[in-house]
Amino acid sequence: MDPSTEHDAAVTDRSILTGSAYNTGRDLSARQSIYQWQTPRYDLPGIVVERLRRRRGTVVDVGCGNGKFIERLRRDRPDLRLLGLDVSRGILAGVPRPVAVADAEHLPLASAGVDGALALHMLYHVEDIPAAIKELARVVTPGGVVVASTNSARDKAELDRLWERSAGDVLGLEKGPARISLSARFPLERAPDLLGAAFGKIETIQLPGTIAVRSPEPVIAHMKSYRAWAEQHAVPFEETVERAREIVAEHIERNGAFQIRCLGGMLVCTR
């Protein structure tokens, strides 16, 4: 199996997604938490609330994860009927009801049955991305809105280089194997074309920023959140993470902070 095929298989592997990566919200929360050190700060749930301001009726969050967007919508839009769907039963434990286990490629919803849908940082985990996009288009009403999100191929490149250097040091190589990139299958650069196959209008909201940390811990927590894919990293995972801790600590001691450039985005899709 070539590396790209192996990577895609790992990112979409249902046993990994439900058994370890998202069996609880722990690792997802760790990846989300690094953004508290980002400048500028973005209120992502607030952006979603704003983009759904004209929606009435039912909104479904497909791949709702730990439910932080549902919680915000429940608070700010109590008039909406909300439904959370995720492939992992475990991560749904703390999500406000109603929720259901469901596959994004086969949504258990009637055609034109919801007024809005969310697909936030999840389409890269779907084996057949075009099929999932068609499903999102199928279930929203004419004129309905789908809000999707993902990261750029250039997002957090400093962490990619950190991983390769750390892995290389552990393995005695100049550069170690690349780390798993979750968004590589659905990067921000390609997302409008993929979504445009099913939606007539796509608005891209780019969300650039810089994360600056003055302790290695936020970076290490983020790297450890990829533990579910440790076998696919092709390196001793714990040793590589600990070497990364040393490198980041040395960098902070010399420079005062470790900086990571981010580029994520939301895509507002209208039928």
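Where a number appears in this text, it was derived from the coordinates with a stated rule and is not lab data. Keep in mind it's a predicted model, so treat the numbers as computed, not measured. Neighbour counts are summed over all protein chains in view; Cβ atoms, including those assigned to glycine, are modelled from backbone coordinates with ideal geometry.
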Given R₀ = 22 Å, FRET efficiency for ASP128-ALA153 by Cβ-Cβ distance, to 0.05?
0.60
Return the tail of the calculated pair distribution for the chain, meaning the percent of Cα-Cα pairs more than 33 Å apart.
21 percent
Shape call, segment 31-104: gyration tensor on alpha carbons, a/c limit 1.5
oblate
What size of dipole, in debye to the nearest 20, comes out for the chain about its Cα centre when the only charges are +1 on Lys and Arg C-beta atoms and -1 on Asp and Glu C-beta atoms?
1260 debye
Pairs of alpha-carbon atoms within less than 8 angstrom and 6+ residues apart define the contacts here; what relative contact order does the chain have, in percent?
22 percent
Applying the gyration tensor rule to the Cα atoms of segment 1-68 (axes a ≥ b ≥ c; rounded if a/c under 1.5, else prolate if a/b exceeds b/c, else oblate), the class is prolate
Among ALA117, ALA167, ALA157, whose mean-square fluctuation peaks in a Gaussian network model of the chain (Cα, cutoff 10 Å)?
ALA157
For segment 112-197, calculate the relative contact order in percent as a whole number, restricting contacts to Cα pairs under 8 Å that are 6 or more residues apart.
32 percent
Going by alpha carbons, how many degrees (0 to 90, nearest 10) lie between the helix axis of 3-12 and the longest principal axis of the chain?
50 degrees
Test of understanding: ordering HIS7, HIS125 by Cβ neighbours within 10 Å, fewest first, what list do you get?
HIS7, HIS125
Of ARG161, ARG254, ARG14, which is the most mobile in a GNM of the chain whose springs link Cα atoms less than 10 angstrom apart?
ARG254
Of ASP43, ASP13, ASP128, which is the most mobile in a GNM of the chain whose springs link Cα atoms less than 10 angstrom apart?
ASP43
Checked against the positive end of the charge dipole of the chain (+1 on Cβ of Lys and Arg, -1 on Cβ of Asp and Glu, about the Cα centre), the farthest of PHE258, GLY65, SER183 is GLY65
Let me know the shape class of segment 5-138, please: from the alpha-carbon gyration tensor, a ≥ b ≥ c as square roots of the eigenvalues, rounded when a/c is under 1.5, otherwise prolate if a/b is greater than b/c, or oblate.
oblate
